[in-house]
Amino acid sequence: FLKISKLALAFAIIHSKPPGKSCKEYIEHLARTVSKEDFGWKSKAEALEAEVLRLRQELLLNKICPRFCLENDASAKPLQDQECINSTSYSSQLEDSGCDVSSDYTFDSLGTASDFHQSEHNVNTSKQWLERALPLNLRTTSKEKSLSAPVQFLQHLLEIRKLSERRILQAEFTELENDSFTICNSVSQLLDGLAVFYSNPTFPFSSFLTEAVSVLISLITDTKLSNHVLKKCFKKLEEFKKNLIQIILRTGSVNRFQALHAISHTLILLGRNSILRKSLVSLLLPEVRQFAEQLLAHQLQAEYDITQYENIFPLCMILEQLLQNEAEDRNVSSSECNEEGKIEFLKSLDEIILRLSDEFPLFSLYLWRVSVLLNSAPTA
């Protein structure tokens, strides 16, 4: 049947071929026409999917907090008086970027938050902002468009959580259990958007990117919301961390160190969650160990790619910082890496450090410091 159908299509094309055109030219023309139509339908489908997700986000927020869209609530004015800080500055920035970036929120030269904890204590959101319909009218770049919708939804979720904790609003977060698609899709879009930014960064980093990272970290460190997110999005978070690690290892541009520093900072922030820290340490240990073994085959630095050698140091610094955080975190009762990974990393490590110390002294020093932290950690 398929052969007969192909043959019938071929005869139909030949018979309908306009004069002055060869069959090949006509087929190519038809292929381009069909391709354009497919592209058009694909764009329409993506737009409709985005609209469906936006409506699901708004519906979920309304289920969590029924007062979310009540524009004429009698209690709106006193709530605004209680919650709005620096309202003039905030509203102007909100119209510009759609992000909660207050005038007290500063950024360093690497595009990362210089005082992340301070932003958590500033309540710059009013009831009027919570009632604003999604999505806001953003003025964003093409890269930022993919981030705008999930960032706004998750911001609203965090602010409702914050206000409910202060007993200003009543919210029911058990609804997150009944709508795993919306939270999963929103977090996935946020992670994919951040990965696109980091894989091809533009300088200086925009405040929008910094705000997106802050929203992600707030989400995974929130005492209630983090459980929902980790339960539904753990695999996506693992994929995101692996992606960032590979970006660090493979980046070869001359001006890469600013981007590497920002990615490293993001991974360290992810490590604030003990579960993510444990998996991140388990991902970093074999990468550093594998690199050390590769160096054994290159006794001279001249024989090895210096770019790869430079790129391993951010991973070493991340690993050291995470292990130090673990040592300071008394709420964690056991080592943040699994015992098998720890044993594999430490296997014959003293010998490797000794053999590399002459030609690669700085890397050997990092290996030794990591080994000290691992040996001092309690066994599981």
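The values are calculated or read from the model by the stated rules, or taken from the named source; none is laboratory data. What you see is a predicted model, and the numbers here were worked out from it, not measured in a lab. Accessible surface areas use protein heavy atoms only, side chains included; no ligands, DNA or RNA. Shrake-Rupley method; radii C 1.70, N 1.55, O 1.52, S 1.80 Å.
Before moving on, here are some points about what is shown:
- Heavy-atom accessible surface of region 163-231: percent carbon and sulfur, 1.4 Å: 46 percent
- Longest to shortest principal axis, alpha-carbon extents of region 254-307, angstrom: 40, 27, 8
- Only lysines eight or more places from LYS63 in sequence, or on another chain, were considered; those with a Cα closer than 29 Å are LYS44, LYS77, LYS127, LYS145, LYS162, LYS224, LYS231, LYS232, LYS235, LYS236.
- Ligands, DNA and RNA are left out, and with a 1.4 angstrom probe the accessible area of region 143-272 is 41 Å² per residue.
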